[in-house]
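Report on one structure; see the data block that follows.
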Amino acid sequence: MKMGHAAAAIIALASSAAVLTLTLVFAVTGGEAPQLAGAMTSGSVAASGSVNVVTTILLDFRSLDTLGEASVIFASVACVGVLFRGSRRIGTEPGLGVLVRRSVGYLSALFLLFPLYIVAHGHLSPGGGFQGGVSLAVLLILLTVAYGSRPMATAVDPSRLHMTESLSALGFLMAGFVGVLQGTSFLANAAAGFPRGVPGSLLSGGLIPVLNAIIGVKVASGLGSIFFDFQSERGE
Amino acid sequence: MTHILIMVIIAPLAAAVAGSIAVYWSERLLRCVVAASAFAHAVFVTSIIVYVGDEGSMLYEVGAWVAPVGIMLYADALSVVILLILSAAHVVLVLHTFSAARASRGATWILVELLVAALSGIVVSGDLFNMFVFLELATVASIGLVAHKRSATGAGAGFVYLLFALVSGLLFMIAVVLVYRATGVLSLSGIAAEIDRAPEQAVRVVAGLLLGSLGIKFGLVPFHFWQAPAYEAAGSSAAALMSGAGMKVYLYVLIRLIFHALRVPVIVPRIGVVLLALGATSILFGHLLALAQRDLKRLLAFSSVAHVGYIFLALAAVSRGGSIGAAAAYGAILHICFHALMKSTLFYSGRSMIVRARASATERMRGVGRAEPLGFAAFMLAAVALVGIPPTSGFYSKWRIALDSFAGYGAFPVVVIAAGTVISMLYYARVLHLGLAEGERPPVTGAERTPTAALALVALLSLGTFSMGVAGPAIEAMLTGAAAVLADPEAILAVTTGGAA
Amino acid sequence: MLQQAMYVAAAIVFGIGLYGVLSRRDMVKICVSLSVMESSLIMILVALAYRPDAAAPIIVDGVATYVDPLPHALALTAIVIGAGVLSVALALTVIVHRAHGTSNIAVVFRRGR
């Protein structure tokens, strides 16, 4: 951290060489392709009815990982909230001219469509709750830039945003408990009786679209409240 | 199927979520949630202990998926001991903070619950990547606890911690990638089954990466820089949780991965010498750095660094396998448990002294022993135990470690342990001397007094450190079970092929 | 061949990130460099998943080989976690900057002691 550029360059070069040799050597010597990949790929549709294997892994096979990462976001929101506690003032971003505001206002309807599509099609195409949620949070930022912080803060109450996040986290846990109530496991999907649907159609994947929607709301509100927390700091 | 295993994660997690909603209504509601969570967590942990005591191990399929495809949770005699430590630390933290009656800021509780959820998740997780996820969750929650006082020093300490934690996460992630490349699976049992096919070089590199990554987490000597400022900035209670329980969980990860999943001692026997060297360095440097500190919490932080070293000495002997390994495993488990108890006691009783002296600098402790006799006595009793004076628990476990490492590696580790003991005696003696010195006593307003209930709790803990050494046999059955698991390189392998699911 | 090239690219990105972490003193720049390092890991994960002539892991009729989906899932998880940690790092930077009027990492280590 306190280091001459030359020394830093040498260390960085050496480490990246090490990473390179590590990965290259093991890529060559690693043996045959992992058989797990095949099992997951071929089992995805039968397991959940979702044609997107990555989504099936994230929200069905390894849904506990997803609960964990959602909790990481939750924890960072809590952390940032703790750090900026007491400086709950609204930012002083003035907003842009009337032309920009008008056009952003009209465009925001279209902009809203994009995250909704990503979330709704999470089990069909690349995307899902996290990606859609992030773009939804970007919409919040865009609107704040265009309209200024004060009108935004009155339109979207930051504390309500926080509450939305907590409620959707609770929703995630509740969705997990359906499996427990059905006598199988926490976060069980098809095993808990969620319908697989017709693979490839919008209504398929059982629990997966539900979880995607919940995560979408959660990530959007979580990142949104982080953004407002950072904003509020400027009020000092 | 019983759901207790997932519940140890879900209960505190749900409490964190519910708490963040409850805090909108009142602080009191939040406290109810937290108390309920601590209680529920303790109940779940107890039932796991009972179940594992009967059946030997416990498996849970999250999402109804079996191991290589899905994530399975797993608990055996070893994880049960760590869970017990965690749950006890959680309950004590809640009891202490409630009785100390300081207006706790709501959001901090949410972070505590998240940390407990993450640590429980790490312990019961039977999947390498899932462990990584929970490790990161624990990191974020810990940073919040370190920086929650919002002082500039707190934020700085949090940032330093975060830098180290990020590097630790990177190393762990590289290890995950390499393991996945080498074995094609991520579940611990699967890795244990497949690791023989992996090139020895890969095992060596992964072991190195994991030692680096987890070494940062528990502050092994070359990576100890973050720990002292972090504990100094964090509240004493948070530090007690992080040092008492958090560190043990990271040690557990190391044991699980290095000894059981990768079976490094079998594949690369030289790991023993590495562990020995790391342990010895940590003991000496940790104690010497503690001696140089002028701040109570920093002193305790460096003493933690040293005590990781003792456990490493025991683990080094465990890696020798055979009867030496089996004996040393017991010493390691013993010291893990006792250190959790002693260090928590030191942080809690230290808090009462810090509150009284209105500063954590050791110079300000002058006369604190007269002003706050109960807290001070508790502190000294735990310190005596930590130094290892018979018949305290610390003596018992240190003695075991000394014997076992002598059997494994000759006189060198014994000399290190002796030297460490002498140094630690020096710095606690200084605290004793300062505490009993005649000092001008500042007038006591209400704020400097630790409530009696909190002091009683601390005294109870302190007596625990003392009596554990005597009453050790009472918990012996549980600890021997854990030690047997620890010493068995095929612990994980045997369980899953047995197919308890 | 493509896979090897991806590993090389990942190693270069890793080196750039590490250089940044080691040579910069501004906390924001350190945060940026760390996330650059993290993205090199994502690249390694993507490279790990690569199969010659394989399709993206979205099941379509008539396609037989797909790339390994698991590293993709791990990469997504790692990205989200990285974002969460980064937001905390930046928040800490803001707090330090507010207290000291600078985001130079040196103030964190000096701390008036």
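Filtering region B:136-160 to residues that are at pLDDT below 85, under 16 Å from B:GLY106 (Cα atoms) and assigned to a helix (DSSP H, G or I) leaves nothing.
Flag: C:ALA11 matches the condition of being in a helix (DSSP H, G or I), closer than 16 Å to B:LEU171 by Cβ and over 10 Å from the mean Cα position of the chain (by Cα). Scanning region C:5-39 for residues that are within 21 Å of C:GLY84 (Cα to Cα) and either crowded, with 22+ Cβ neighbours inside 10 Å or in contact with a strand residue (DSSP E or B) (Cβ under 7 Å, 6 or more places away or on another chain) (or both) yields a total of 11. Within the option set A:ILE226, A:ILE215, being closer than 19 Å to A:VAL54 by Cα and out of contact with any Pro (no Cβ under 6 Å at 6 or more places or on another chain) holds for one residue only, A:ILE215. Restricting attention to region C:56-99, the residues that are within 30 Å of C:VAL32 (Cα to Cα), facing another protein chain (nearest Cβ under 7 Å) and among the aliphatic types (A, V, I, L, M) add up to 16. Against the condition within 17 Å of the chain's Cα centre (by Cα), buried (at least 24 other Cβ atoms within 10 Å of the Cβ), within 29 Å of A:SER159 (Cα to Cα) and modelled with pLDDT under 90, how does B:VAL112 come out, does it pass? Here the answer is no, as B:VAL112 does not meet what is asked.
From the list A:LEU13, A:LEU24, A:LEU36, which residue is modelled with pLDDT of 75 or more and either closer than 19 Å to C:TYR7 by Cα or not hydrophobic (A, V, I, L, M, F, W, C) (or both)? So the residue among A:LEU13, A:LEU24, A:LEU36 that is modelled with pLDDT of 75 or more and either closer than 19 Å to C:TYR7 by Cα or not hydrophobic (A, V, I, L, M, F, W, C) (or both) is A:LEU13. Within region B:32-70, the set of residues being part of a helix (DSSP H, G or I), touching a residue at least 24 places away in the same chain (Cβ under 8 Å) and among the acidic types (Asp, Glu) comprises B:GLU55 only. Just one of the listed residues (B:GLY169, B:GLY158, B:GLY106, B:GLY121) is more than 13 Å from chain C (Cβ to nearest Cβ), in contact (Cβ under 8 Å) with a residue 40 or more places away in the chain and buried (at least 24 other Cβ atoms within 10 Å of the Cβ), namely B:GLY121.
Within 8 Å of another protein chain (Cβ to nearest Cβ) and in contact (Cβ under 8 Å) with a residue 40 or more places away in the chain - does that describe any residue in region C:48-55? No, region C:48-55 contains no residue that is within 8 Å of another protein chain (Cβ to nearest Cβ) and in contact (Cβ under 8 Å) with a residue 40 or more places away in the chain. I want to confirm something. Restricting to region B:320-355 and keeping residues that are of a type in the set (Lys, Arg) and crowded, with 24+ Cβ neighbours inside 10 Å, which single residue is nearest to the chain's Cα centre (by Cα)? Once the filter is applied, the top-ranked residue is B:LYS343. Do we have any residue at all in region B:196-206 that's within 23 Å of A:ARG62 (Cα to Cα), within 12 Å of chain A (Cβ to nearest Cβ), surrounded by fewer than 22 Cβ atoms within 10 Å (Cβ to Cβ) and modelled with pLDDT under 90? No, there is no match, as no residue in region B:196-206 is within 23 Å of A:ARG62 (Cα to Cα), within 12 Å of chain A (Cβ to nearest Cβ), surrounded by fewer than 22 Cβ atoms within 10 Å (Cβ to Cβ) and modelled with pLDDT under 90.
So, B:LEU178, is that one within 11 Å of chain A (Cβ to nearest Cβ), in contact (Cβ under 8 Å) with a residue 24 or more places away in the chain and touching a helix residue (DSSP H, G or I) at 6+ places or on another chain (Cβ under 8 Å) or not? Judged against the criteria, B:LEU178 is a match. Counting only helices (runs of 4 or more DSSP H) that sit completely within region A:131-236, those holding 2 or more residues that are within 22 Å of the chain's Cα centre (by Cα), within 19 Å of A:VAL80 (Cβ to Cβ) and within 12 Å of chain B (Cβ to nearest Cβ) correspond to A:158-181, A:207-233.
The values are calculated or read from the model by the stated rules, or taken from the named source; none is laboratory data. If you're wondering where the values come from, they're calculated on a predicted model, not measured in any experiment. Positions of Cβ are backbone-derived with ideal geometry, glycine not excepted, and every protein chain shown enters the neighbour counts.
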